[in-house]
Every structure is written in C-alpha cells, then in structure tokens.
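Heads up, the thing below is written out as structure tokens.
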Amino acid sequence: MSDAANTDRWIRWLNTLQLVLAGLLIMAPTVWMVLSSFKPSFEVTAYPPTLIFSPTLENYDELTRTTPFLSYALNSLIVTVGSTALGLLFGIPAAFAVSWTRISWPAILTLAARMAPGTLFLLPWYVMFRQIGMIGSYTALILSHAVITLPIVIWVLLPSFDAIPRSVFEAAQVDGCSVTRILWRIAMPLVASGIAVSAILAFVFSWNYFLFALVLSNGDTKTLIAAAFNFIGEGSTQWGALMAAATLIALPPLVLAALVQRWLVSGLTLGAVKG
Amino acid sequence: MASISIRNLTKRYGNFTVIPDLNLEIADHEFVVFVGPSGCGKSTLLRIIAGLEPISSGDLYIGDKRVNGVQAAQRDIAMVFQDYALYPHMKVYDNMSFALELRGTPKAEIDARVKRAAALLHIEPYLDRKPKELSGGQRQRVAMGRAIVRNPKAFLFDEPLSNLDAKLRGQVRAEIKALSQELQTTMVFVTHDQIEAMTMADRIVVLQSGTIQQYDTPEGVYERPANQFVAGFIGSPAMNFFPVEWSGEGAILSQGGAAVPLDGETAGRLRQAGSAVLGIRPEHFAVAADAADGMAVHIKLVEPLGSDTLIHFDLAGGPAIARVDPALRPKVGDRITLRPQPGKMHLFDAAGGQVLR
C-alpha cells in the first residue's frame, strides 16, 4: 500500500475517533438523563451509576400525579409558539431591512441584547410588568421570550438575505414592486428554508429558556422548565421525577431537530439562492 | 415609448464624483449604446435612468416628465440585467407575467402578452421551467421576454451579453437589433464591447471618466472620432498613433525622422499645428510598391485571419498594426512599405488629444 493511501486511512480513523469522542461527550448527559428517568428512585443517585437495572415508569407516574404536567406543557407551547411567531414577525423584516440598507448596527444591537445575561432584564421587567399588572400573563412571557427569538431569527436570516443577488431585488423594483412587496413576493420565498431553520431554532431556545418564566410566570402560566425546578427542594431533590420531567421537556426540540436535520444543516450553512 | 433627456446631471458618491455635469438627449424610438472602459460611469448612468441610483444634481426627464424623485417602480421602464436577475423561485411564465400582475392587468391579457413575447423569443417550450433549468442563452431570452411583455416606455440593457459565449453573443446581438426594429421602442444599451456598440446602435455615447467624449452614429465615431480617446477605443484592432511634426518641407515622424506621406488636407493641418499625433487605422494602410512612396517597416508578427491578415511592426518607437490583403502572403522578417490611405488620416492635438480639423 502506498504512503498516501496509508495516510488517508489514518486520517479517516482519526476523524472517526474524533467524531465518536465528541458524540460521547455531547450525548453522555442526555443518555444519563434518559436512563435515570427510568430508574427506581433509590438507584438514580447511586454511585457508581448503575447501567443495568430494571426499568420502571414510577418517576413518570409521580410526575403526572404530583404536577399538572399537561397544563405546564400547554403553557410552554403557548409561550414558545407566541414568542417564535413574534420573533418571526419582527425578525424577518428586520433582517431584510439590515440586508437591504447594509446598516448593520441594529442587528448587532439585538445580538448584544441576546448575549447580555438574562438577569440584567429581569428586575426592570419585573417592575414594569408588575406596574401594568401583567406579571404572570402569557403576554409578559411571550414578550420577554422575544428577546431570545428575535436575535436568532435576524442572525439566521441575515446571511440568507445577503446571498440573494442584489439585481434580483432591483429587477423587482423595476418591475413595479414596493419594498414591502419585494420582501413578501421575492425575498421571503427565496429564504424559505432559512425561515424554517430560524423558526425551529427560536422555538428550541425559547422552549428551553428558564429564567424569565421562573420570575415572570405564576402558578397558572408556569412553563414546563420552570415547573421542573419545583422538584429541586431545599432539603431534598426528587432526582427521578426531575429526570423524567427533563426527558419529556427535551423531547419536542429533539424530535423537531431530528425531523428537519438535513434542512437545518443546509439552512445554517448557506443562503437560499443559486442560479 | 418616450425620449430620455439628461440635463446637467451630476452623480457623486461621497466626495468622489462619478459623473460631472452630463447632458444627453435620447430621441423616441432611438437605440443608443453607452460604451466605454470599466469605471467610466456607463452602468451608473443607466441605473440612474432606471431609478436605481439617486441623482446628486441635475434633471432627468423620461418623455415630458421630470423623474428625479420618481421610484423605479413608477418609471415604466424595463431593464435587462447583466446576470439576468430572474426570480429563481418562479417559473419562466411567472417571471414574465409578474410585472403585469403587479399592475393589475387582466389574466387573459397577461396570458396573451406572455405567449406573444415567448413566441417572439422562441422560449415557448420553457414557460413551465424554473430559471435554474435553463441555459445561459435561454435565461437571457427570458430576461428580455420579461422586459418585452410590459411594453414599457424604454428598455435598458446592462451588459446583457457579457455572460454568453462568443457564438451565442453574436446571435443574441443580432436578435436584439431585430427586436429593436420590430418593437420601435427607445432602447439604451450599456456595453464595454465596441463591436456590440457599432453593430447595434443608432447612436453611440462614448464615455470616459463620466464625461461624454462623443455622441454620434457608429459611422461618425469610426470615421470622425472627436478625440484620440474615441479614436483608440472604437475600432479593432485599435487605431495606430504616431507623433509627427512639420519639417518645413513635409511631415516627418517625431521619432526617427522618417518622411510620412500625408494627403494634402492633413498636411495642411499639420503645417498649421507644427506637431501633432497622426492616427491611422490598421485597415487604412496601403502597401506601396516603391520604398520611396511610404514608410518601410520590418514585419515582427503575422496574424492571418482568413479574410485579411494583420501584420505587426514597430514604427516611430512604438508597436503598430496594419491589415493587409492575405494574397500578399507576408512573412515575419519581410520588409514592406506602407502608406496611409488618402482621406483616412486623423490628426490629434499632441497636448489635449482633440481632433485637429
């Protein structure tokens, strides 16, 4: 075998090894979480952790028995869908405007807001929403989660809009389109996969966001992830139920990502238009 | 259909002036070509007419209407872009019907106009395809079809042939010319290719650094170039230039001092000027039998083109080209005597490059 072929084989092996290691690192907590959710409560915290055990649904049973799980799930869905829709409603035109005018500071501002710690917003929001009597409302939660979804939509869509040849927009202008119509009839259909990707990412990030719901929700509007926090007590933590809740919370984003995996990768890596 | 009138137009980007004070009148039904080297402002001027670039100062009229602040969408002009700029997500039919649909044209009329344009451009078989399923030439036709269906006041073309191969370019060039005669609409065409300009235009605008060097018919810019820039830009191969001066008895090359046989009129102008730049197109050299009748040169390179042959030589310290009869069968190293044809010589001011008349 030639040296070059040998080197190629080694590179392939090393690549595989890297992928396996990275996969293990990323998947280990998830696997641990799922396995723990099916363990009897005394085995969840056993050290060293047991890999062979008799699976049980007692944690799930406890979860549904002790908490209004479905209504929390519905709250999560309302807040997530609402904030994703709000993010798309303002994020799509915002990304298009930034791309069209090539004035990037508004996009950078939204990114800065996204990168700032959530606690920064909490106090002013709490005071503000309380003064207008909106603490515990879906509206307060949806508005606050838009801080998560809006930058995602803008920054996922910006390269997609930028990738559309300028002349396509100019042709539409000459054809008689207003800027709004160009967005609606030309730009949006061309970045459809980008819009789908940004919607999925916004959904996932909003679904998983914990802090705002913890402070701004009440018993009726608590989201799943904030409700799961109830299993962590001051004296003892119900690890089994917490793991069961975490597994169920993680399911929708995982299923969503798995369903559109191919789309997700292509949507993240390029703009929508070619020849 | 409409005339286009540009008055004292200036275009600046920040402190950089691309077009300084330009005036131009394009008549109704006229086919005008803007030609010039890269960066001369020809595409900017076209985009200003289209409404895609704002005017810094001056006025632009389409027909009788001043359109300075009028959006591109309201100017009723159609444009064919260099990269065609078709809508990738729409079928050919929808690409062509889009503008009509925006104007609320009845469906039956849209259908009739799209089909008529498709027939004219031979693109009926592709109406159901998306742009990515078409070749470059087919896309080019669709882009033209999209412009034609609108029956606009004027057509603007921004280097639409530059992405086509040489054979297709020639074919589409002829088609656009035929189309312009059939549609009888004002057309403005931008190109850097002087052959496109010469073959298609009713009148040519030769631009350099945002200023019009000459605005004339193709014959005018070829036969009576206004200055050395136009003379050198129009014609292929380009015109030869030799610095010449009046010796007292006749014209001589400034470098080397060889006598140049000028016709009487040109000699008179040179006598008056004292020194100038003599311009002779490669096709306007004649081969003289007697060495005393012309300028003797050594052939450095021979390019047989079939219909004629180009010979390269050095004269007056610079390279020059002559187009000769292939029957002469010139060879590298041959000594040949050339003389400029009477009535085909151009004299330019040695300092400013303006033609001396």
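The values are calculated or read from the model by the stated rules, or taken from the named source; none is laboratory data. Predicted model only: the values in this text are computed from it and were never measured. We place every Cβ from the backbone using ideal geometry, glycine too, and count neighbours over all the protein chains shown.
Is the range B:99-109 home to any residue that is surrounded by fewer than 14 Cβ atoms within 10 Å (Cβ to Cβ), more than 14 Å from chain A (Cβ to nearest Cβ), among the hydrophobic types (A, V, I, L, M, F, W, C) and out of contact with any Leu (no Cβ under 6 Å at 6 or more places or on another chain)?
Of all residues in the range B:99-109, those surrounded by fewer than 14 Cβ atoms within 10 Å (Cβ to Cβ) come to B:103-104, B:106-109.
Of the ones still in play, those that are also more than 14 Å from chain A (Cβ to nearest Cβ) are B:106-109.
Among the residues that remain, those that are also among the hydrophobic types (A, V, I, L, M, F, W, C) are: B:108.
Next, only the ones that are out of contact with any Leu (no Cβ under 6 Å at 6 or more places or on another chain) stay: B:108.
Yes: the range B:99-109 contains one or more residues that are surrounded by fewer than 14 Cβ atoms within 10 Å (Cβ to Cβ), more than 14 Å from chain A (Cβ to nearest Cβ), among the hydrophobic types (A, V, I, L, M, F, W, C) and out of contact with any Leu (no Cβ under 6 Å at 6 or more places or on another chain).
Quick check on B:Val149: is it closer than 23 Å to B:Leu46 by Cα, within 14 Å of another protein chain (Cβ to nearest Cβ) and in contact with a strand residue (DSSP E or B) (Cβ under 6 Å, 6 or more places away or on another chain)?
Details: closer than 23 Å to B:Leu46 by Cα: yes; within 14 Å of another protein chain (Cβ to nearest Cβ): yes; in contact with a strand residue (DSSP E or B) (Cβ under 6 Å, 6 or more places away or on another chain): no.
For B:Val149, the condition - closer than 23 Å to B:Leu46 by Cα, within 14 Å of another protein chain (Cβ to nearest Cβ) and in contact with a strand residue (DSSP E or B) (Cβ under 6 Å, 6 or more places away or on another chain) - is not met.
Quick one: is B:Arg139 touching a Gly at 6+ places or on another chain (Cβ under 9 Å), buried (at least 20 other Cβ atoms within 10 Å of the Cβ) and not hydrophobic (A, V, I, L, M, F, W, C)?
On the way: touching a Gly at 6+ places or on another chain (Cβ under 9 Å): yes; buried (at least 20 other Cβ atoms within 10 Å of the Cβ): yes; not hydrophobic (A, V, I, L, M, F, W, C): yes.
The answer is yes for B:Arg139.
Suppose the filter is in a helix (DSSP H, G or I), out of contact with any Phe, Trp or Tyr (no Cβ under 9 Å at 6 or more places or on another chain) and more than 14 Å from every other protein chain (Cβ to nearest Cβ); does A:Pro106 pass it? Walk me through it before giving the result.
On the way: in a helix (DSSP H, G or I): yes; out of contact with any Phe, Trp or Tyr (no Cβ under 9 Å at 6 or more places or on another chain): yes; more than 14 Å from every other protein chain (Cβ to nearest Cβ): yes.
It is true that A:Pro106 is in a helix (DSSP H, G or I), out of contact with any Phe, Trp or Tyr (no Cβ under 9 Å at 6 or more places or on another chain) and more than 14 Å from every other protein chain (Cβ to nearest Cβ).
Quick test of your reading of the structure: B:Phe313 fulfils all but one of (1) buried (at least 20 other Cβ atoms within 10 Å of the Cβ); (2) closer than 23 Å to B:Ala197 by Cα; (3) at pLDDT 95 or above. Name the failing condition by number.
Just one mismatch for B:Phe313, condition (2).
Quick one: is B:Gly58 more than 11 Å from chain A (Cβ to nearest Cβ), modelled with pLDDT under 95 and surrounded by fewer than 22 Cβ atoms within 10 Å (Cβ to Cβ)? Walk me through it before giving the result.
Values: more than 11 Å from chain A (Cβ to nearest Cβ): yes; modelled with pLDDT under 95: no; surrounded by fewer than 22 Cβ atoms within 10 Å (Cβ to Cβ): yes.
When the stated conditions are applied, B:Gly58 does not pass them.
Among the residues of the range A:201-231, what is the count of those that are over 19 Å from the mean Cα position of the chain (by Cα), surrounded by 23 or more Cβ atoms within 10 Å (Cβ to Cβ) and part of a helix (DSSP H, G or I)?
Qualifying residue count for the region: 1.
Restricted to the range A:151-198, and to residues that are within 8 Å of chain B (Cβ to nearest Cβ) and of a type in the set (Val, Ile, Thr), which residue is farthest from B:Tyr87 (Cα to Cα)?
The selected residue is A:Val174.
If B:Arg113 satisfies all but one of (1) within 13 Å of another protein chain (Cβ to nearest Cβ); (2) under 20 Å from B:Glu182 (Cβ atoms), what's the number of the condition it fails?
Condition not satisfied by B:Arg113: (1).
Quick check on this structure: which one of B:Val205, B:Val277 is out of contact with any Asp or Glu (no Cβ under 8 Å at 6 or more places or on another chain), assigned to a strand (DSSP E or B) and not charged (D, E, K, R)? Even if it seems obvious, please write down each step before you answer.
Values: B:Val277 fails: out of contact with any Asp or Glu (no Cβ under 8 Å at 6 or more places or on another chain).
B:Val205 is the lone residue from the list that is out of contact with any Asp or Glu (no Cβ under 8 Å at 6 or more places or on another chain), assigned to a strand (DSSP E or B) and not charged (D, E, K, R).
Quick one: which of B:Gly41, B:Gly69, B:Gly63 is surrounded by 17 or more Cβ atoms within 10 Å (Cβ to Cβ) and away from chain A (no Cβ under 14 Å)?
Details: B:Gly69 fails: surrounded by 17 or more Cβ atoms within 10 Å (Cβ to Cβ); B:Gly63 fails: surrounded by 17 or more Cβ atoms within 10 Å (Cβ to Cβ).
Going through B:Gly41, B:Gly69, B:Gly63 in turn, the sole match is B:Gly41.
Being surrounded by 16 or more Cβ atoms within 10 Å (Cβ to Cβ) and of a type in the set (A, V, I, L, M) narrows it down to one residue among B:Ala154, B:Ala174, B:Ala166, B:Ala178; which is it? Spell out how you get there, then give the answer.
On the way: B:Ala174 fails: surrounded by 16 or more Cβ atoms within 10 Å (Cβ to Cβ); B:Ala166 fails: surrounded by 16 or more Cβ atoms within 10 Å (Cβ to Cβ); B:Ala178 fails: surrounded by 16 or more Cβ atoms within 10 Å (Cβ to Cβ).
That would be B:Ala154, the only listed residue that is surrounded by 16 or more Cβ atoms within 10 Å (Cβ to Cβ) and of a type in the set (A, V, I, L, M).
Name every residue in the range B:260-285 that is of a type in the set (A, V, I, L, M, F, W, C) and under 21 Å from B:Glu219 (Cβ atoms), in order of residue number.
Looking only at the range B:260-285, we keep the residues that are of a type in the set (A, V, I, L, M, F, W, C), and these are B:260, B:262, B:267, B:270, B:273, B:276-278, B:280, B:285.
B:Ile280, B:Phe285 - these are the residues of the range B:260-285 that are of a type in the set (A, V, I, L, M, F, W, C) and under 21 Å from B:Glu219 (Cβ atoms).
State the number of residues belonging to the range A:1-45 that are under 23 Å from A:Phe231 (Cβ atoms), in a helix (DSSP H, G or I) and polar (S, T, N, Q).
Of all residues in the range A:1-45, those under 23 Å from A:Phe231 (Cβ atoms) come to A:28-45.
Of the ones still in play, those that are also in a helix (DSSP H, G or I) are A:28-37, A:41-44.
Within this subset, residues satisfying the condition of being polar (S, T, N, Q) are A:30, A:36-37, A:41.
Within the range A:1-45, residues that are under 23 Å from A:Phe231 (Cβ atoms), in a helix (DSSP H, G or I) and polar (S, T, N, Q) number 4.
Kindly establish whether B:Tyr13 is of a type in the set (Phe, Trp, Tyr) and more than 9 Å from every other protein chain (Cβ to nearest Cβ).
Values: of a type in the set (Phe, Trp, Tyr): yes; more than 9 Å from every other protein chain (Cβ to nearest Cβ): yes.
In short, yes.
So, of the residues in the range A:241-267 that are at pLDDT below 90 and touching a Ser or Thr at 6+ places or on another chain (Cβ under 8 Å), which turns out to be nearest to A:Phe161 (Cα to Cα)?
Among residues in the range A:241-267 that are at pLDDT below 90 and touching a Ser or Thr at 6+ places or on another chain (Cβ under 8 Å), the one nearest to A:Phe161 (Cα to Cα) is A:Gly267.
Confirm whether B:Asp76 is of a type outside the set (Lys, Arg) and either in contact (Cβ under 8 Å) with a residue 12 or more places away in the chain or within 7 Å of another protein chain (Cβ to nearest Cβ) (or both).
On the way: of a type outside the set (Lys, Arg): yes; either in contact (Cβ under 8 Å) with a residue 12 or more places away in the chain or within 7 Å of another protein chain (Cβ to nearest Cβ) (or both): yes.
Yes, satisfied.
What residue, of A:Ala97, A:Ala73, is of a type outside the set (D, E, K, R), in contact with a helix residue (DSSP H, G or I) (Cβ under 9 Å, 6 or more places away or on another chain), surrounded by 14 or more Cβ atoms within 10 Å (Cβ to Cβ) and free of Cβ contacts under 8 Å to residues at least 40 places away in the same chain?
On the way: A:Ala73 fails: free of Cβ contacts under 8 Å to residues at least 40 places away in the same chain.
The unique qualifying residue is A:Ala97.
What are the residues in the range B:130-146 that are within 13 Å of chain A (Cβ to nearest Cβ) and over 21 Å from A:Gln173 (Cβ atoms), if any?
B:Lys130, B:Lys132, B:Glu133, B:Leu134, B:Ser135, B:Gly136, B:Gln138
Scanning the range B:79-98 for residues that are polar (S, T, N, Q) and under 23 Å from B:Leu161 (Cβ atoms), which turns out farthest from the other protein chains (Cβ to nearest Cβ)?
Step one: filter the range B:79-98 for residues polar (S, T, N, Q), giving B:82, B:95, B:97.
When the remaining residues are screened for being under 23 Å from B:Leu161 (Cβ atoms), the result is B:82, B:95.
Values: B:Gln82: 7, B:Asn95: 9 Å.
Top of the filtered list is B:Asn95.
Name the residues in the range B:165-185 that are over 22 Å from B:Arg139 (Cβ atoms) and either part of a helix (DSSP H, G or I) or at pLDDT 95 or above (or both), would you?
B:Gln181
State yes or no: is A:Ala241 away from chain B (no Cβ under 14 Å), touching a residue at least 40 places away in the same chain (Cβ under 8 Å) and either in a helix (DSSP H, G or I) or over 26 Å from A:Leu120 (Cβ atoms) (or both)? Break it down into steps so the answer makes sense when it comes.
Working: away from chain B (no Cβ under 14 Å): yes; touching a residue at least 40 places away in the same chain (Cβ under 8 Å): yes; either in a helix (DSSP H, G or I) or over 26 Å from A:Leu120 (Cβ atoms) (or both): yes.
So A:Ala241 fits the description; yes.
Mind listing whichever residues of the range A:160-191 are in contact with a His (Cβ under 8 Å, 6 or more places away or on another chain) and either surrounded by fewer than 18 Cβ atoms within 10 Å (Cβ to Cβ) or not in a helix (DSSP H, G or I) (or both)?
The one that is in contact with a His (Cβ under 8 Å, 6 or more places away or on another chain) and either surrounded by fewer than 18 Cβ atoms within 10 Å (Cβ to Cβ) or not in a helix (DSSP H, G or I) (or both): A:Pro189.
On the basis of being under 25 Å from B:Thr10 (Cβ atoms) and β-branched (Val, Ile, Thr), does B:Val70 make the cut? Before you say what the answer is, go through the steps one by one.
Values: under 25 Å from B:Thr10 (Cβ atoms): yes; β-branched (Val, Ile, Thr): yes.
Taking the combined requirement at face value, the residue satisfies it.
Can you say whether B:Ile4 is within 13 Å of chain A (Cβ to nearest Cβ) and either surrounded by fewer than 17 Cβ atoms within 10 Å (Cβ to Cβ) or touching a residue at least 24 places away in the same chain (Cβ under 8 Å) (or both), as far as the supplied structure shows? Full working, then the answer.
Details: within 13 Å of chain A (Cβ to nearest Cβ): no; either surrounded by fewer than 17 Cβ atoms within 10 Å (Cβ to Cβ) or touching a residue at least 24 places away in the same chain (Cβ under 8 Å) (or both): yes.
Judged against the criteria, B:Ile4 is not a match.
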